[in-house]
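*Asks:* Structure below; questions to follow.
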Amino acid sequence: MSLSLSLTIQTPDDWHLHLRDGAMLKAVLPETTRHFTRAIIMPNLVPPVVTAADATAYRDRILAALPEGADFTPLMTLYLTEDTDPKDVAAAHASGLVHAVKLYPAGATTNSALGVADFTKVRGVLETMAEIGLPLCVHGEVTDPAIDIFDREAVFIDRVLDPIRRTTPGLRVVMEHITTKDGVEYVRANDADLAATITTHHLIINRNHLLVGGIKPHYYCLPIAKREQHRLALRAAATSGDARFFLGTDSAPHVDALKEHACGCAGCFTATNTMSCLAEVFEQENALEALEKFTSRNGPGFYGLPVNQTTLTLTKSTPVDYPSKIACTDGPVTVFDPGFPLHWHVTT
Ligand code: DOR
Ligand code: ZN
């Protein structure tokens, strides 16, 4: 890695990405393949990607939508339901098709209705996953209506995640898109079987960005952005170099008509400018030397994959001119606005 006004890192991967399907897949895929070589692909389609056969078909649709000449490997996941068959999961893992299983508590977020309500029903799958070393990616929020939305991650750790980990020794878990100091501390207090992804937007916005001076629907995502002390804890974790924290953008496209709506969808679309945003954040934290670990080394380390052999160069100069929207035949998708100019251009 060389440093100055130019920074060269091993090519990054995105360990949590929503690509959707059809016209939206076609529209957003180039935004990721421009800078990333691999991504863990979220399975929350309608209907969800539940079986190995579903994942094979979805992978083929992604490969067919790739821009000409793109070097990109989608790392597929399965959506865990109470009916998931442990044998199907094991076979999907053994064939190299599937790299993780995603746990959505039923009703927690976009397209999670078929997720898990009764955790005793997935014990067999989790035990199989512990045996074969297949990671569980967790959307870590309780759905109990009595729990305040800003507390749902912390309560999930106590009520759901910690009990699952205690009763399933050896289960490898990624806490997806952590948003709290509690999440950071829980990862730090545990062993190498537990890791967490952190999004670009949660390093930049707190709940004031979402709510002060009018509701900003393009900053609404789940888990919801928390108060400032949590954003600072996430920044400290991401820039620490600790191998258990890595980038998962959770870039989640929704058309503007569904974001700017009386009941707006959750999701920030950050694929387009994520690397410029992150370079700016890491520079603000005097931690540019840790960027490569966060974006390119810690993730493959956890997933047991090689680090990419190619490199990506960021160069600092005049503000980056990125599009404010991505066109899709379903309607435009607004690109995440970090609220400050970005100076780091991806130059190769
Ligand atoms: O903000 C979010 N958007 N959080 C999620 O968990 C799901 C995602 C989506 O699929 O839109
Ligand atoms: Zn997500």
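The values are calculated or read from the model by the stated rules, or taken from the named source; none is laboratory data. From a predicted model like this one, the values you see are computed outputs, not experimental measurements. Here the Cβ positions follow ideal geometry from the backbone for every residue, glycine too, while neighbour counts run over all protein chains shown.
*Asks:* From (1) touching a residue at least 60 places away in the same chain (Cβ under 8 Å); (2) within 16 Å of ligand 1 (Cβ to nearest atom); (3) within 16 Å of LEU161 (Cβ to Cβ); (4) in contact with a strand residue (DSSP E or B) (Cβ under 8 Å, 6 or more places away or on another chain), pick out the condition that doesn't hold for PRO135.
*Replies:* For PRO135, the exception is condition (2).
*Asks:* Among the helices (runs of 4 or more DSSP H) confined wholly to the range 241-348, which include 2 or more residues that are acidic (Asp, Glu)?
*Replies:* Per the criteria, 274-284.
*Asks:* Kindly evaluate LEU19 against the criterion of being in contact (Cβ under 8 Å) with a residue 40 or more places away in the chain, out of contact with any Leu (no Cβ under 7 Å at 6 or more places or on another chain) and in a loop (DSSP other than H, G, I, E, B).
*Replies:* When the stated conditions are applied, LEU19 does not pass them.
*Asks:* Picking from THR33, THR77, which residue would you name as being more than 16 Å from ligand 1 (Cβ to nearest atom) and either farther than 18 Å from VAL174 by Cα or not aliphatic (A, V, I, L, M) (or both)?
*Replies:* Just one listed residue meets the conditions, THR33.
*Asks:* Which members of the range 168-200 meet the condition of being under 22 Å from THR143 (Cβ atoms) and either within 16 Å of ligand 2 (Cβ to nearest atom) or aromatic (Phe, Trp, Tyr) (or both)?
*Replies:* Across the range 168-200, the qualifying residues are VAL173, VAL174, MET175, GLU176, HIS177, ILE178, THR179, GLY183, TYR186, ALA196, THR197, THR199.
*Asks:* Does any residue of the range 191-201 turn out to be more than 18 Å from LYS293 (Cβ to Cβ), modelled with pLDDT of 95 or more and within 15 Å of the chain's Cα centre (by Cα)?
*Replies:* For the range 191-201, residues more than 18 Å from LYS293 (Cβ to Cβ), modelled with pLDDT of 95 or more and within 15 Å of the chain's Cα centre (by Cα): present.
*Asks:* For the range 60-80, enumerate the residues that are without any contact (Cβ under 8 Å) to a residue 40 or more places away in the chain and not hydrophobic (A, V, I, L, M, F, W, C).
*Replies:* Correct list: ASP60, PRO67, GLU68, GLY69, THR73, TYR79.
*Asks:* Okay, moving on. Among GLY124, GLY115, which is away from ligand 1 (no atom under 16 Å from the Cβ) and farther than 16 Å from ILE40 by Cβ?
*Replies:* Of GLY124, GLY115, the one residue that is away from ligand 1 (no atom under 16 Å from the Cβ) and farther than 16 Å from ILE40 by Cβ is GLY124.
*Asks:* Scan the range 118-128 and tell me whether some residue there is surrounded by fewer than 23 Cβ atoms within 10 Å (Cβ to Cβ) and free of Cβ contacts under 8 Å to residues at least 12 places away in the same chain.
*Replies:* Yes; the residues of the range 118-128 include at least one that is surrounded by fewer than 23 Cβ atoms within 10 Å (Cβ to Cβ) and free of Cβ contacts under 8 Å to residues at least 12 places away in the same chain.
*Asks:* Tell me, please, whether a residue that is at pLDDT 95 or above and over 28 Å from GLN10 (Cα atoms) can be found in the range 30-45.
*Replies:* yes
*Asks:* Which condition number in (1) touching a helix residue (DSSP H, G or I) at 6+ places or on another chain (Cβ under 9 Å); (2) hydrophobic (A, V, I, L, M, F, W, C); (3) in a helix (DSSP H, G or I) is the one that ALA130 fails?
*Replies:* (1)
*Asks:* Further question on the same structure: Given the condition within 22 Å of CYS328 (Cβ to Cβ), at pLDDT 95 or above and away from ligand 1 (no atom under 16 Å from the Cβ), answer yes or no: does some residue in the range 277-290 qualify?
*Replies:* yes
Let's see how each residue does on (1) crowded, with 23+ Cβ neighbours inside 10 Å; (2) of a type in the set (A, V, I, L, M, F, W, C):
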{"site": "ASN208", "(1), (2)": "no, no"}
{"site": "ALA225", "(1), (2)": "yes, yes"}
{"site": "LEU234", "(1), (2)": "yes, yes"}
{"site": "ASP242", "(1), (2)": "no, no"}
{"site": "GLY248", "(1), (2)": "yes, no"}
{"site": "CYS263", "(1), (2)": "no, yes"}
{"site": "ASN286", "(1), (2)": "no, no"}
{"site": "GLU289", "(1), (2)": "no, no"}
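*Asks:* I would also like to ask the following. Does ASP14 satisfy being farther than 30 Å from ASP118 by Cβ, acidic (Asp, Glu) and crowded, with 23+ Cβ neighbours inside 10 Å?
*Replies:* It is true that ASP14 is farther than 30 Å from ASP118 by Cβ, acidic (Asp, Glu) and crowded, with 23+ Cβ neighbours inside 10 Å.
*Asks:* Next question, about the same structure. Out of the residues in the range 202-256 meeting the condition of being touching a helix residue (DSSP H, G or I) at 6+ places or on another chain (Cβ under 7 Å) and without any contact (Cβ under 8 Å) to a residue 24 or more places away in the chain, tell me which one is nearest to ligand 1 (Cβ to nearest atom).
*Replies:* LEU210
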